[in-house]
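Novice: Okay, handing you the structure first.
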Amino acid sequence: MTKLRNMIMAAVTACLGFASAAHADEMDEILKRGELRVAVQTQGAPVSFVDKNGERTGLAVELAKMMGADLGVKVTFQDYDWKGLIPALLSGKVDMIAADMTPTPQRAAQLLFSRPMFYQETVAVAPKDASYKSWQDLNKDGLNIGATQASSYGDAVKKFMPKANLKEFAGGTAAVAQALSSGRLDGAVSDLGNVTNFVREFGNLKILDGVITREPLAFATQPNAFHLKLWLDNYVELITADRRLENMVNYWWNSTDWEKDHK
């Protein structure tokens, strides 16, 4: 009986120890610190950029700001190029990534992703005077198609335009658009929001017919940050129910209303 009692007490002690360790999780650290550290890529409107007043804003940025306000902590943003976002998170420099990031199988093997914040349609863009009509026309030998480095857009080029040459750019979507507009590319692949901005900004580009993919976009946490991931999922539910998420997406993603306030 004594041996059994000792075994039970040992099991209880182990469980209590596990619960204590689990309690001291990433959410506790954020609340104790009073700060949510967020990695962003402020190189592409309307998701994340610096506006005419020198303020960091955009859909992902404003969502993170709203999270911090509702959680009762300040939000500190850290800027990285696209390729630097995941290393910054895995190294513990930030608590989460707030970007238009697709939870691909490769990324999901490294990180935990929230429920989708919104969805994007991946499309192609080409010079206005080019003969191409649809994105399928870009799948030809000798054509150079641009995409952001280490992005799902590049993956789409590899998968759906295997005959073309993929040219990746580390400078984000703005670098891709500039290369295309200056004639260094035959086409480019990005999301509909960015491509619409390309066409409006440069004037010598056009959107090609057809949607290549429709992808969920989510925020990412470290692979062991279960509490923060579940908190993000719950938060998406809440702001979906009270329509704040819908309003934000409609303002930043589905329209150009934000331009008059920020450009």
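The values are calculated or read from the model by the stated rules, or taken from the named source; none is laboratory data. It should be emphasised that the depicted structure is a prediction, and the values quoted were computed from it without experimental measurement. Here the Cβ positions follow ideal geometry from the backbone for every residue, glycine too, while neighbour counts run over all protein chains shown. Accessible surface areas use protein heavy atoms only, side chains included; no ligands, DNA or RNA. Shrake-Rupley method; radii C 1.70, N 1.55, O 1.52, S 1.80 Å.
Novice: Can you tell me which of (1) outside any strand (DSSP E or B); (2) out of contact with any helix residue (DSSP H, G or I) (no Cβ under 7 Å at 6 or more places or on another chain); (3) surrounded by fewer than 24 Cβ atoms within 10 Å (Cβ to Cβ); (4) not aromatic (Phe, Trp, Tyr) is the one residue 150 doesn't meet?
Specialist: The failed condition is (2).
Novice: Restricting the search to the stretch 96-130, which residues are surrounded by fewer than 20 Cβ atoms within 10 Å (Cβ to Cβ) and small (Gly, Ala, Ser)?
Specialist: Listed by number, the residues that qualify are 108, 109, 130.
Novice: Next question. Can you find even one residue in the stretch 159-166 that is among the basic types (Lys, Arg), open to solvent by 40 Å² or more (accessible area, probe 1.4 Å) and not in a helix (DSSP H, G or I)?
Specialist: Checking the stretch 159-166: at least one residue is among the basic types (Lys, Arg), open to solvent by 40 Å² or more (accessible area, probe 1.4 Å) and not in a helix (DSSP H, G or I).
Novice: From 196, 240, 173, which residue is open to solvent by 50 Å² or more (accessible area, probe 1.4 Å) and among the β-branched types (Val, Ile, Thr)?
Specialist: Among 196, 240, 173, only 240 is open to solvent by 50 Å² or more (accessible area, probe 1.4 Å) and among the β-branched types (Val, Ile, Thr).
Novice: Answer yes or no: is there a residue in the stretch 180-191 that is closer than 13 Å to residue 208 by Cα, under 23 Å from the mean Cα position of the chain (by Cα) and β-branched (Val, Ile, Thr).
Specialist: Yes.
Novice: Anything in the stretch 76-95 that is surrounded by 20 or more Cβ atoms within 10 Å (Cβ to Cβ) and not in a helix (DSSP H, G or I)? List them, or say none.
Specialist: Those that are surrounded by 20 or more Cβ atoms within 10 Å (Cβ to Cβ) and not in a helix (DSSP H, G or I): 80, 94, 95.
Novice: Just to be sure I understand, how many residues within the stretch 131-151 are over 16 Å from the mean Cα position of the chain (by Cα) and without any contact (Cβ under 8 Å) to a residue 60 or more places away in the chain?
Specialist: Here the count works out to 9.
Novice: Still on this structure: When you go through 217, 185, 180 one by one, which is the residue that is in contact with an Asp or Glu (Cβ under 7 Å, 6 or more places away or on another chain) and open to solvent by less than 50 Å² (accessible area, probe 1.4 Å)?
Specialist: Criteria check complete, one pass: 217.
Novice: Out of the residues in the stretch 220-234 meeting the condition of being aliphatic (A, V, I, L, M) and open to solvent by less than 10 Å² (accessible area, probe 1.4 Å), tell me which one is nearest to the chain's Cα centre (by Cα).
Specialist: 220
Novice: What is the one condition in (1) over 12 Å from the mean Cα position of the chain (by Cα); (2) surrounded by 15 or more Cβ atoms within 10 Å (Cβ to Cβ); (3) more than 16 Å from residue 118 (Cβ to Cβ); (4) of a type in the set (A, V, I, L, M) that residue 66 does not satisfy?
Specialist: So the condition that residue 66 fails would be (3).
Novice: Next up: Does the stretch 32-52 hold any residues that are in a loop (DSSP other than H, G, I, E, B), surrounded by fewer than 16 Cβ atoms within 10 Å (Cβ to Cβ) and either touching a Gly at 6+ places or on another chain (Cβ under 8 Å) or free of Cβ contacts under 8 Å to residues at least 60 places away in the same chain (or both), and which are they?
Specialist: 34
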